[in-house]
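To start, the structure under review is shown below, and the notes come after it.
The values are calculated or read from the model by the stated rules, or taken from the named source; none is laboratory data. No experiment lies behind these values; they were computed from the predicted model shown. Counting neighbours? That spans all protein chains shown, and the Cβs are built from the backbone with ideal geometry, glycine included. Calculation scope for accessible area: heavy atoms of the full protein, side chains included, ligands and nucleic acids excluded. Shrake-Rupley method; radii C 1.70, N 1.55, O 1.52, S 1.80 Å.
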Amino acid sequence: MLTITDLHKSYPTPQGPLPVLRGVDLSLARGASLALMGESGSGKSTLLHLVAGLDRPDQGHIQAAGQALSSLNEGALAAWRREGIGLIFQQFNLIASLTVADNLAFQARLAGRHDPRWQTELAERLGLAALLERYPEQLSGGQQQRVALGRALASRPPLLLADEPTGNLDEASGDQALALLLELVAETGSSLLMVTHSARIASHLDRTLQLERGRLGGAAVARP
Ligand SMILES: Nc1ncnc2c1ncn2[C@@H]1O[C@H](COP(=O)(O)OP(=O)(O)OP(=O)(O)O)[C@@H](O)[C@H]1O
């Protein structure tokens, strides 16, 4: 599903280029989940942004859902962002002017995969059925988070990219959201790449890798 080979990325700074990724290799099978850990500033979000097609690497290859992202032009990369991935951030990034129902449908419509029956099921499973006509500002943090999960899952993307998706929630709500996410991911067959600072959360995913000095290595994380 996702294969990353020798990925390099540096950022220009007044002191010269800051190398962040220095030869990252990674593979993620269809339907598998992977936790990405590493110290603050180690480049986790940078890696996620490259896979999302929000930025381009200096060197190396990202092969995702059968296409080489580095060889895509801007239009094809925009199609990848629209149709190939679901993004879930710590800040939920809901659209304030749209109802919960329209937020849920937003990406699925863009991707041409709006499926009202799946969306209704998702809303029920995520405990959002009674909130569909509300606006994001009328929801609690946990409810907003569940809308963000639902929006990403509604289009059944091949790849879900999550950056600290439960970072804004208390532990109980975060665990509940994570359990639902993993259950729904298993059903949709999506692959999941999740950045987290929590070894406890990481332990619920299939595999954990640690980003250190610009490279990825296995992490000694205890499994439950
Ligand atoms: N646009 C940019 N220009 C310059 N430097 C940047 C830019 N974006 C990120 N960086 C730097 O690149 C490094 C990696 O940042 P990144 O956000 O990928 O780390 P992270 O592992 O996700 O961190 P955190 O866990 O704190 O979110 C940091 O040193 C950061 O300051």
Quiz prompt | Output for the stretch 88-129, where each listed residue is open to solvent by 30 Å² or more (accessible area, probe 1.4 Å), farther than 24 Å from LEU182 by Cβ and in a helix (DSSP H, G or I) | solution = ASP102, ARG109, LEU110, PRO116
Exercise. Give the residues of the stretch 158-171 that are modelled with pLDDT under 85 and among the hydrophobic types (A, V, I, L, M, F, W, C), sorted by residue number.
Key: LEU169
Quiz item: Condition test on ARG82, is it free of Cβ contacts under 8 Å to residues at least 24 places away in the same chain, farther than 30 Å from GLU212 by Cβ, basic (Lys, Arg) and more than 16 Å from the ligand (Cβ to nearest atom)?
Solution: no
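Condition check ((1) away from the ligand (no atom under 13 Å from the Cβ); (2) touching a Cys at 6+ places or on another chain (Cβ under 6 Å); (3) closer than 13 Å to MET37 by Cβ) across all residues:
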| site | (1), (2), (3) |
| --- | --- |
| ALA152 | yes, no, no |
| LEU160 | yes, no, no |
| THR166 | yes, no, no |
| GLU171 | yes, no, no |
| LEU178 | yes, no, no |
| GLU183 | yes, no, no |
| MET194 | no, no, yes |
| LEU209 | no, no, yes |
| GLY214 | no, no, no |
Exercise. Only residues that are open to solvent by 70 Å² or more (accessible area, probe 1.4 Å), in contact with a Leu (Cβ under 7 Å, 6 or more places away or on another chain) and away from the ligand (no atom under 15 Å from the Cβ): list them for the stretch 1-60, please.
Key: ASP25
